[in-house]
1. Just to be sure I understand the model, the point goes 7 Å from the Cα along the line to the Cβ. What's the resulting residue 28 to residue 14 distance in nm?
2. Under 5 Å between amide hydrogens, which residues at least 5 positions from residue 83 or on another chain qualify, with H placed 1.01 Å from N in the peptide plane?
3. Which ³J(HN,Hα) values, rounded to whole Hz and listed in residue order, are derived for segment 23-30 from phi using the Karplus coefficients 6.51, -1.76 and 1.60 in 6.51 cos²θ - 1.76 cosθ + 1.60 with θ = phi - 60°, glycine and proline given as x?
4. Over segment 76-116, what is the relative contact order in whole percent, taking alpha-carbon pairs under 8 Å and six or more residues apart?
5. Convert each backbone phi in segment 90-107 into a coupling constant with the Karplus relation 6.51 cos²θ - 1.76 cosθ + 1.60 (shift: θ = phi - 60°), then list the ³J(HN,Hα) values in order as whole Hz, x for Gly and Pro.
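Where a number appears in this text, it was derived from the coordinates with a stated rule and is not lab data. Note that the coordinates shown come from a computational prediction; the quantities given were computed from them, not determined experimentally. Using ideal geometry, Cβ is built from the backbone for each residue, glycine included, and neighbour counts are taken over all protein chains shown.
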Amino acid sequence: MPGLLPGADRDLVLPLHKRLEKLFSTILLNTTVKSLKDEKKRNPRHFRRCGRKRKRAGVRPRADVGRAAAPNSEIPGLDKTQAKVDKKGFIEINAQRQTADPAIYAIGDVAGEPMLAHKANA
């Protein structure tokens with residue numbers, strides 16, 4: 001994202017941004033995390049920022065904002081339940097988020113569009 005707290009008034013976000021800059025060594029905006037690996041405890045992280053690939057050691061993402069590209073419905077043991085997965089990979093649910101298995105509810109990316117975290121929270 002281009003800034004912290006997208007959708008919030010920029011005048012209100014500025015004091016937060018200044019405070020976070022003091023707390024964290026780096027704030028990377030407009031950045032995509034490509035991989036996170038442990039290599040000899042230096043913990044290199046691979047990023048794509050403004051179209052350029054970068055590698056940084058010792059940087060730990062604190063928050064990742066975005067949208068899932070596909071539902072993560074490949075859940076071990078799901079095939080042993082009554083829950084059904086549709087052709088797009090979403091778990092079929094009713095209005096109360098209950099699957100065909102009365103003991104299983106589905107939220108988040110597996111429950112259909114939009115695949116966003118706040119949908120799961122709601």
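1. Modelled inter-label distance: 2.7 nm.
2. Correct list: 101.
3. 7, 10, 6, 8, 10, 9, 9, 6
4. 31
5. Result, rounded to whole Hz: 8, 7, 6, 9, 9, 5, 8, 6, 8, 7, 5, 8, x, 9, 10, 10, 10, 9.
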